[in-house]
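Q: Dropping a structure here in structure tokens format, bear with me for questions.
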Amino acid sequence: MTKDIDIKRLREDALKSIKAAADAASLESLRVKFLGRKEGELTKILRSLKDFSIAEKKKIGPLANALRQEIESALSEKLKSLQAASHKLQADIDLTRPGRKVQRGSLHPLTSVEKEIREIFKSLNFSVVEGPEAESDYYNFDALNIPKDHPARDMWDTFWLRQNDGRTKEQKNKRTKRQGGGERLLLRTHTSPVQVRYMEQHKPPFQIIVPGRVFRYEATDASHETNFHQVEGLMVGKDANLANFKFVIREFFQRLFKRKLSIRLRPSYFPFVEPGLEVDIQCVKCGGNGCNICKNSGWLEVMGAGMVHPRVFEAAGYNPRDLQGFAFGLGLERIAMIKYNIPDIRLFYSGDLRFIKQF
Ligand code: FA5
């Protein structure tokens, strides 16, 4: 009776395991497990038959032998079906078919130009600093000598942020002694606010650049976006002067465009510098003879700049009698457009792969 049950269990176990086997090696170990000459589970039962009574031998013997055959044929059937499946798999793989091309990505042109600009300025001993994109009214305007209600604010129209921090309107607009201009948040219109942020925390002499994203509320066209990038520069010391500025900026453009270039400074107005300048470089395409890129003028307008205004030093807690310095701000998209001859700024943000894949 017990042996009956053993054989029944063994049969279920063996057939189930054979069915589940995934390859020829597992089938072989199942064969050893059940039919192995020394330790095979069925072999052991067969070997113990000699100790049974004649009646038991007559009953169990044929059952065990039949199971042996059943396991053997299940093993060979399973082996055949595994081999057939593997042949089919091999037939399905066409080794002569050309492989699928792996698409390789590349850096966005703005990223690579920004990287290049960082490297050039680092090699000129400038540090790279960053500042917040959501900026306070104070740093974006007041600290840069652009007081509330002054017409100079119209030069930069911006996006104001609504703050839900539980404070009342009066609390939010409360003027602190230092800040003079409230704490409303906006999307910064230029990277210049980082000038005062940095000066508050550091002692001169120093020279920094500040790459970053800026925003303006204005209509878009081929050369204007609402979201673009600038690189600010600031050098402050006892006698940092315009001659230093000219050298640094010419060196920078020559390294960026990999050629000798003249630069031209024209008087301009920004409230946070005095004197203020507009910087032009000799056209990198025609060398100054006149072409479509420079609109036949021979010059390309590339940045605003000037000597830091004494009021900006005062806002940062410096004594303007002890120090001087220059600052500049260039538009990254404009530089990339000149470098790669890109006709429309909107292409940078179009997400069009035909454009991106050219770089
Ligand atoms: C400024 O933003 C000043 N902060 C620059 C500066 C810094 C002057 C330090 C003096 C000292 P401006 O508004 O001109 O200046 O912008 C600087 C550059 O940003 C421009 O020359 C232009 O290349 C780029 N720019 C301005 N508006 C846009 C726009 N809507 N889309 C793309 N680029 C823009």
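The values are calculated or read from the model by the stated rules, or taken from the named source; none is laboratory data. Everything quoted here is computed from the prediction, not taken from an experiment. We place every Cβ from the backbone using ideal geometry, glycine too, and count neighbours over all the protein chains shown. Remember, those area values only see protein heavy atoms, side chains included, never the ligands or the DNA or RNA. Shrake-Rupley method; radii C 1.70, N 1.55, O 1.52, S 1.80 Å.
Q: With just the Cα atoms of the stretch 3-91, tell me how far they stretch along each of the three principal axes, in Å, largest first.
A: Projected onto the principal axes, the Cα atoms of the stretch 3-91 cover 56, 20, 15 Å.
Q: With each label point set 7 Å from Cα along the Cα-Cβ vector, what nm distance links Asp13 and Leu265?
A: 9.4 nm
Q: Using θ = phi - 60° and the Karplus form 6.51 cos²θ - 1.76 cosθ + 1.60, what ³J(HN,Hα) does each residue of the stretch 315-322 get, whole Hz, x for Gly and Pro?
A: For the stretch 315-322, the Karplus curve yields 4, 8, x, 8, 8, x, 6, 8 Hz.
Q: For the stretch 42-153, treating each Cα as an identical point scatterer without solvent, what Debye log10 I(q)/I(0) comes out at q = 0.09, 0.18, 0.22 1/Å?
A: The Debye formula, applied to the Cα set alone, gives -0.65, -1.07, -1.16.
Q: I've got another one for you. What trypsin sites (Lys or Arg not before Pro) does the stretch 271-359 have in DSSP loop regions with at most 10 other beta carbons within 10 Å?
A: Arg321
Q: Shape of the stretch 220-260 from its Cα gyration tensor (a ≥ b ≥ c, root eigenvalues): rounded if a/c is under 1.5, otherwise prolate when a/b > b/c, or oblate? Before the final figure, lay out each step's value.
A: Numbers: a/c = 3.57, a/b = 1.59, b/c = 2.25.
Note, shape of the stretch 220-260 comes out oblate.
Q: Ok, one more. Under unit Cβ charges (Lys, Arg +1; Asp, Glu -1), what dipole magnitude, rounded to 20 debye, does the chain have relative to its Cα centre? Please report the intermediate quantities before stating the final value.
A: Values: 61 positive and 45 negative charges, 332 e Å.
Roughly 1600 debye, rounded to the nearest 20.
Q: Still on this structure: Under 16 Å from a point 7 Å along the Cα-to-Cβ line of Ser112: which residues of the stretch 308-333 have their amide N that close?
A: Only 333 pass the distance filter.
Q: Skip the ligands, DNA and RNA, and give the accessible area per residue of the chain with a 1.4 Å probe, whole Å². List each step's numbers first, then the result.
A: Details: 21080 Å² over 359 residues.
With the other protein chains kept in place, the chain gives 59 Å² per residue.
Q: Also, quick follow-up: For Gly276, list long-range residues whose amide hydrogen, built 1.01 Å from N in the peptide plane, is under 5 Å from its own amide hydrogen.
A: Ser268, Phe270
Q: Right, here's the next one. If each DSSP helix of 4+ residues adds -39,500 (n - 2.57) and the sum is divided by the residues in the chain, what number results at 222 nm, nearest 500 deg cm²/dmol?
A: Numbers: 12 runs with 146 residues, N = 359.
Value at 222 nm, helices only, nearest 500: -12500 deg cm²/dmol.
Q: While we're looking at this one, here's another question. Classify the stretch 180-330 as rounded, prolate or oblate, taking a ≥ b ≥ c as the square roots of the eigenvalues of its Cα gyration tensor: rounded when a/c is under 1.5, otherwise prolate if a/b is larger than b/c and oblate if not. All intermediate terms of the calculation are to be shown ahead of the outcome.
A: Details: a/c = 2.27, a/b = 1.36, b/c = 1.66.
Oblate, because a/c is 1.5 or more while a/b does not exceed b/c.
Q: Mean separation of Cα pairs under 8 Å and 6+ residues apart, divided by the residue count of the chain: what relative contact order is that in percent?
A: Numbers: 530 pairs, mean separation 51.4, N = 359.
Reported relative contact order: 14 percent.
Q: Excluding Thr220 itself, calculate the net charge of residues whose Cβ lies under 14 Å from the Cβ of Thr220, where each Lys or Arg counts +1 and each Asp or Glu counts -1.
A: Numbers: positive: Arg216, Arg346; negative: Asp157, Glu218, Asp221, Glu225, Glu333, Asp344.
Residues close to Thr220 contribute a combined charge of -4.
Q: Taking Cβ-Cβ under 4.7 Å as the only way to count a partner, pick out the unpartnered cysteines of the chain.
A: Lacking a cysteine Cβ partner under 4.7 Å: no cysteine of the chain.
Q: Could you derive backbone 3J(HN,Hα) for the stretch 293-308 from the dihedral phi with the Karplus parameters 6.51, -1.76 and 1.60 (θ = phi - 60°), listing whole Hz in sequence and x where the residue is Gly or Pro?
A: So the J values, rounded to whole Hz, are 5, 8, 6, 6, 8, x, 10, 10, 7, 10, 6, x, 7, x, 8, 4.
Q: In whole Å, how far is the Cα centre of the stretch 298-316 from that of the stretch 63-124?
A: One Cα centre to the other: 58 Å.
Q: Summarise the accessible area of the chain (1.4 Å probe, protein heavy atoms) by the percent that is carbon and sulfur.
A: On the way: 10860 of 21080 Å².
Whole-percent figure for carbon plus sulfur exposure: 52.
Q: For Asn227, what residues show an amide H to amide H distance below 5 Å, using hydrogens built from the backbone and excluding near sequence neighbours?
A: Residues meeting the criterion, in which the H sits 1.01 Å from N, are Arg216.
Q: Still on this model: Can you work out ³J(HN,Hα) from phi for every residue in the stretch 222-239, in order, using Karplus 6.51 cos²θ - 1.76 cosθ + 1.60 and θ = phi - 60°, giving whole Hz and x for Gly and Pro?
A: In residue order, the calculated couplings are 4, 10, 10, 10, 7, 9, 8, 10, 10, 10, 8, x, 8, 10, 10, x, 5, 9 Hz.
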